[in-house]
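The values are calculated or read from the model by the stated rules, or taken from the named source; none is laboratory data. The shown structure was predicted, so the numbers you read here are calculated from the model rather than taken from an experiment. We place every Cβ from the backbone using ideal geometry, glycine too, and count neighbours over all the protein chains shown. The accessibility values were calculated without ligands, DNA or RNA, using every heavy atom of the protein model including side chains. Shrake-Rupley method; radii C 1.70, N 1.55, O 1.52, S 1.80 Å.
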Amino acid sequence: MNYQDKLFFFQEHHKPQTIPLNYLQKTDWRIKTRIKTTHGLICYCLNIGINPPDVDKPDNCSILQCWIDPFLKSQNQAIEDIEKTLEKQYKQWQPRKKKEKEIKYIILAPCRGEEELPTNPKFPADLFTSCLTTPMKIALNWHFYSKMGANILLKNIDNDMINKIPGKFSDRKSALGELNWIFTSITDTIAWDILPHKLFHKLYRQDILVASLFRNYLLAERILHTMNCTTFTYPQIPSTWNHPLWKTWDFSVDFCISQLPLFMINPKYQFQQNTFFKDQLTAFEIWLNSGTKIKSGIIHLPIILQFLLSQADRKRALFLLARFLDLGDWAIYQSLDVGIFPYVLTLLQSSNPDLKNLLIFIWAKIICFDELPKELVKDKRCLLYFIDTLSSFSAETTNSILSGFILSKIQNNNSSGKRECLSANLLQICLSKLESNDGLIRKWMCLCLSKLWEDYDEAKETGFREAAADKLIQLLNDSSPEVRASSIYALSTFIGNSSQNEEQKNAILSMSVSLLVALHDGSSIVRKELLIVLTQLICSHENKIRKIVGYNYKEKKESPQNSRNYDHESTVFSLWWDSLTQLCNDPFTEIQDLASNFTLRLKVYWKKQEIQKRSFFSDGEAEYSDDLNMESNIETTTIMLPLKNRTRRKSKSRGENDIWKDDKDDEDDDSLYPNKNIKSISQSYTRGNLRRYNSSSSLLPNKPRGRVKSSIREKKINTSLKTSPRKFKEIEKNNEKDNEKESITDTSFFAENMKKTKSFNINQPINGKSPKPQKGKSPLQKNILENHLQGYDSDPEIGYNSEKESTIEPLVSNFYEWNCQYFKEPFMEITKNHNTFNYLNGKNINRSNLSHFPIQSSLSNYQKLSNTNITITQETNEEKKQEKRTIYSDELKELILEKTKKYLIENSENVKDKSIKFNEQKCVIDISSEKVNQVRFHPFQYVLFSSDNKGIISIWNWEKSIPNIITKFNNKNDEGTEITYMKLINEDVEENPLIMIGDSQGVMKIWGDYSLKETNFEPRLITGWKTFPQFDVLPKRSGNCIYDFNKYDGYVFVTTGTRKIKIWDICKELEFATIPTHCEHSIKSLCSDQSNPNLLYSGSNTGAVFIYDIRSKLSLVHSFQDHNSRVINVYKQREDLQYLVSGSVQGEIVVRDLSLQQSPISKFTASNPMTAFDIHDCFPLVISGSSNHLATAFDFGGESLNRIGYLDSFVIPKTGLINNISFHPYYLKVAISADSLIYIYGANKTNKK
């Protein structure tokens, strides 16, 4: 046995499309105002030689002031020298003076009021000032004196040598410059670790002078603490004198000082490089490799930033920084908070190609977390860095994707960013990249274009000149659903332009028709974006569309047949409206709700506008009575509802309300479009160029050939009810009780409301007086109007507020924001030596380039495997529930495989010698009053899936004799339809496999995100689509839809039974092909070859069995006339077994070996009539069911093993009509359903007689 190697419906857009609540929250890492200290006031009182009156100084005390001995010079000269030296020390931070803008009140004090300053003669008298202004000198001297005698490294070193460390502070390659660099890193890190981040920003990031003072203050606190002085600051900061990093500083000083004797002997001696930074980077790397989940106290970040200043080790620092940023939002925030931004902004000016990958990755992470367009646009070199990367043909795929993402964010809501990008030819670059072989590149080029066009007319004009729409339209057939959706999103921003000329308007109309091809796309995200575009188009032409759909007061709906003025523009508007109404009945619930809500909101808005224009009593009571006429103005008050009941009206013959004109060819390709014009217009536009279209050569005919038909039923509703699309079902059910009443006029509503009004009655006078004609609106009229719109005002379900909305607003897409979320997730894969990285293959940046996820890659790269399963979780905004998609680990998968193979080997001999019987009844499941129609086993757990004729899917645990239900949910079938197909997807690799459901009208739905361990956990609809999208209701000639699924290549085969078989590729979520059946009669069963996905088998109602090769132009490659009656089913055993088994209603079962082009290897009669049968995938076994309530097991040779249904051990009466039989995919177990009961039997080995 082989496991499937693909994981279907596991891409990002199949997960809940939610945007975290904090996605667009503003963060406070930015420094709002940078402060530059421009003036400093230095106050000093130097009474040289005169002691303070209240202090008794010892004879031997400190005398140095600014490292100057004042007693070696005259008093005046000493004061002057001290003044100049002190000023020079402060000027090192701010040499140039400017106009003072702000005074920052800061206090730094060496001790408390009750404490005395130190007088140690080894240190300056102004020890505190020396710490602030000459930190390195005082730090080295203090280290020498405080450690002397206790530190063996200082044995051969004296004080004079300490002051002779070579180098400059500004030269980091010198010994003194390296020490200064380490001191800066350590003090910055201590402050980052101890201080609150807001205070850290204020003191260490806003002002260079203040930051330097406070860094040096930490040294002063440490030194003065040893001298019993408690330093003081305002703003107050926590104590840092005992921070562990001070020991690291001491070690660095020791390492440098220990080399002084060699330097004194040889002045050319090269000091060894301090290992401080490399040690800190190694510590940070160890922390990253540990996989810790701690999100605070990451003290290495300031050191990493300092390391970015070193050209030699910059690449390693960037690599570790990139790894850290990949951990998530919290890591990005901490990095920005510590001050990474100016460092990486400066590095964009670097020409080092080795840094490009890392820099682009880091910027993608940063810009995803917080938009930074101003800083990037301000320096054009930074912007060109990404544009040049994108335009380079040698650029790596990932760099192109990330650059496209970054550029789209730069343009998002930033006019200056758009201008700079347009001037740098970004539009042309993106258009050229649309032909890339990588799906994510194509997608992000579309999204980048969308942000360039958004509210920027000049870019749209350039797009017209470059025929951009042509290239985007071609992507509507792209293999990636996300690319198709992004092309529609880009076109949605391209459509609106206030400066369009007549030629451009006509081109956009044609382009909009080409977009309608997406109406039949298999991906819900594509159809959702189409819906949003349609709402934008409809809202922009709302007045004209209102006239076309019949919402003008006392004006009937215009019809293409009887209107001379029905031009090509009106035809397009009609197509928009028809497409919208089709989406109101979309199989995917979210799309259906959005479309229905918008349609309802639009019609309520129209209704409000209509009512406000009326004057009910302007012509007296007579006119008012005319308004109440039930037959007047029916068309103007129509409110369309989604067609939830697909059944036909049998009482009426076909007429203008029926979408089927004739039965010539119900599956003609022309019917793919709601109007025949769509096909010709769409195809012509796609082949053409946007510049070809003008008002004189329109693709749209002035007189359409056929009637524009709506795919929804028109009904009238009482608009006084507060109605949402979900309540439409209840309304329609009530209306269906009387099919003769097709509508309720709007005037009936007024009559109803007026009857309910206590102060007014149609048949009675008001206050004893008859109403008189009035001009304007009376309070009563206003009351009626308010009652009329009462149900819709401020209704959160339809999103309409009649008091606030003066216009109708279109739906707004979150497709771009949803795509941006991905870059917040980790997608780096670190190699074994931890020195290089790749991008994850399983959950990687190139996921759209794959039609599926390779199981091995996704498991091995996602995280380190253990004996437990990997649970992928995702929180939604509201419920924060887990996404129940659990992938088997490699270890568990191997264990299952080994166990299953062992079972198959042990039982193959028992089946071969016919020593088994299905006589062990495991349990009986009663689904209550409904009829079971589909049953499927979970391959590795005691779980059974069933569906009934009402569309309810139930999941059962049958491990015990009394089964219990795990959960059940409604497939939400349209009324009159039933489930005809159920299949488990990913069952070999997912603990909770997806459930594929197909109904009789061709609607396919995929359910998932449920739990087999938690009860009443309702699954989520992952996706849904119409396999025959051109039909809202299948033709009368067609039977129920028949399906089959090939799990090895992801093909869904579906037919209505006549003429054609459609093949859907669920990896691409597109129709792959349509092949002819070459059968004049109805196809009744389909079976794909699991070992060869190009082969397909079918059985007809005439008893013929057909073999198709979907690669062949003729498709039909062989046929067998093995039966004399309708074929119930055709089965091909899985994998490499070549047995093809078919069965007919007369009970004939034929077994063929496809490797032999001869007659069947066996042919036998099971039961007549036969109502159901199934074969085992791994054993040569058949079980058939009949109308006489019996099920019988056979081997492939036709020998009966035993009958199932009349055993003495039964504790319940005999079974009903058997309608479904389903073998376990691997084990010798079978489920037999009859009426509302499901019987599960197991096989036992018996002694052969």
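Taking the solvent-accessible surface of protein heavy atoms with a 1.4 Å probe, what is the per residue accessible area of the range 275-404 in Å²?
It amounts to 37 Å² per residue over the range 275-404.
Could you put 1047, 901 in order of accessible surface area, largest first, with the 1.4 Å probe and the full protein assembly present?
From most accessible down to least: 901, 1047.
Considering only protein heavy atoms and a 1.4 Å probe, what is the carbon-and-sulfur percentage of the accessible area of the range 299-367?
53 percent
I'd like the accessible area for residue 1170, computed on protein heavy atoms only with a 1.4 Å probe and all protein chains in place. Round to 10 Å², please.
10 Å²
How much of the accessible area of the range 893-988, probe 1.4 Å, is carbon plus sulfur, in whole percent?
The nonpolar share, carbon plus sulfur, comes to 46 percent.
Taking the Cα atoms of the range 1112-1195, what is the range of coordinates along each of the three principal axes, in descending order and whole Å?
So the three principal-axis extents are 43, 27, 21 Å.
Can you give the relative contact order of the range 1037-1079 as a percent, counting alpha carbon pairs under 8 Å and 6+ residues apart?
Rounded, it is 29 percent for the range 1037-1079.
Rounded to two decimals, what ratio of Rg to Rh does the range 130-209 give with C-alpha atoms and a Kirkwood Rh?
With Rg and the Kirkwood Rh in hand, the quotient comes to 1.05.
Based on Cα coordinates alone, diagonalise the gyration tensor for the range 190-321, multiply each eigenvalue by 5, take square roots, and list the semi-axes in whole Å, largest first.
27, 24, 15
Rounded to the nearest 10 Å², what accessible area does residue 1043 have for a 1.4 Å probe in the complete protein model?
10 Å²
Express the relative contact order of the range 273-369 as a whole percentage, based on alpha carbon pairs under 8 Å and six or more residues apart in sequence.
Relative contact order for the range 273-369 comes out at 28 percent.
Once fully extended, how much extra length lies between residue 73 and residue 137, figured as 0.36 nm per residue of separation less the alpha-carbon to alpha-carbon distance?
Fully extending the segment from residue 73 to residue 137 adds 20.8 nm.
Please list 3J(HN,Hα) in residue order for the range 517-534, calculated via the Karplus relation 6.51 cos²θ - 1.76 cosθ + 1.60 where θ = phi - 60°; whole Hz, with x for glycine and proline.
4, 5, 4, 10, 6, x, 9, 5, 5, 6, 5, 5, 5, 4, 4, 5, 4, 4
List the trypsin sites (Lys or Arg not before Pro) within the range 239-294 that DSSP assigns to loop and that have no more than 15 neighbouring Cβ atoms inside 10 Å.
Within the range 239-294, the qualifying trypsin sites (Lys or Arg not before Pro) (loop, at most 15 other Cβ atoms within 10 Å) are 268, 293.
Any chance you could run the full-extension gain for residue 891 through residue 1235? It's 0.36 nm times the residue separation minus the Cα-Cα distance, nm to one decimal.
119.7 nm
With a 1.4 Å probe and all protein chains left in place, how much of the accessible area of the range 399-486 comes from carbon and sulfur atoms, in whole percent?
36 percent
Tell me the per residue accessible area of the range 1127-1189 using a 1.4 Å probe; a whole number in Å² is fine.
With all protein chains present, the range 1127-1189 gives 36 Å² per residue.
What distance in nm separates the two pseudo spin-label positions at residue 541 and residue 929, each 7 Å out from Cα along the beta-carbon direction?
About 5.0 nm, to one decimal.
Per residue, how much accessible surface does the range 879-975 expose to a 1.4 Å probe? Answer in Å², no decimals.
Using a 1.4 Å probe on heavy atoms only, each residue of the range 879-975 averages 49 Å².
Among 996-1007, 189-200, how do they line up from the highest to the lowest mean number of other beta-carbon atoms within 10 Å?
Ranked from most to least packed, the peptides come out as 996-1007, 189-200.
Taking 7 Å along the Cα-to-C-beta vector as the label spot, tell me the residue 278-residue 899 distance in nanometres, rounded to one decimal.
Reported label-point gap for residue 278 and residue 899 is 5.2 nm.
Once you order the gyration tensor axes a ≥ b ≥ c over the Cα atoms, which shape class does the range 98-241 get: rounded for a/c under 1.5, otherwise prolate or oblate by comparing a/b with b/c?
oblate
Going by the alpha-carbon gyration tensor, a ≥ b ≥ c the square roots of its eigenvalues, is the range 264-363 rounded (a/c under 1.5) or, if a/c is not under 1.5, prolate (a/b greater than b/c) versus oblate?
Oblate is the answer for the range 264-363, as a/c is 1.5 or above yet b/c matches or exceeds a/b.
Only loop residues by DSSP count here, and only those with at most 15 other Cβ atoms within 10 Å; note down the GluC sites (Glu not before Pro) in the range 1070-1151 that meet that.
Those that pass, being in a loop and sparsely packed, are 1080, 1135.
Using the Karplus equation 6.51 cos²θ - 1.76 cosθ + 1.60 (θ = phi - 60°), what ³J(HN,Hα) coupling, rounded to whole Hz, does each residue of the range 301-306 give in order, writing x for Gly and Pro?
Karplus values, whole Hz, x for Gly and Pro: 4, x, 5, 4, 5, 5.
Viscosity 1.306 mPa s, temperature 10 °C: Stokes-Einstein D of the range 462-503 from its Kirkwood Cα radius, in µm² per second?
143 µm²/s
Expected output is a single nm value to one decimal: the length gained when fully extending between residue 965 and residue 46, i.e. 0.36 nm times separation in residues minus the C-alpha distance. What is it?
Extending this stretch completely gives an extra 321.7 nm.
Sorting 926, 457 by accessible area (1.4 Å probe), largest first, what list results?
These residues rank, largest area first, as 926, 457.
Counting only C-alpha contacts under 8 Å and six or more residues apart, can you give the relative contact order of the range 916-974 as a whole percent?
27 percent
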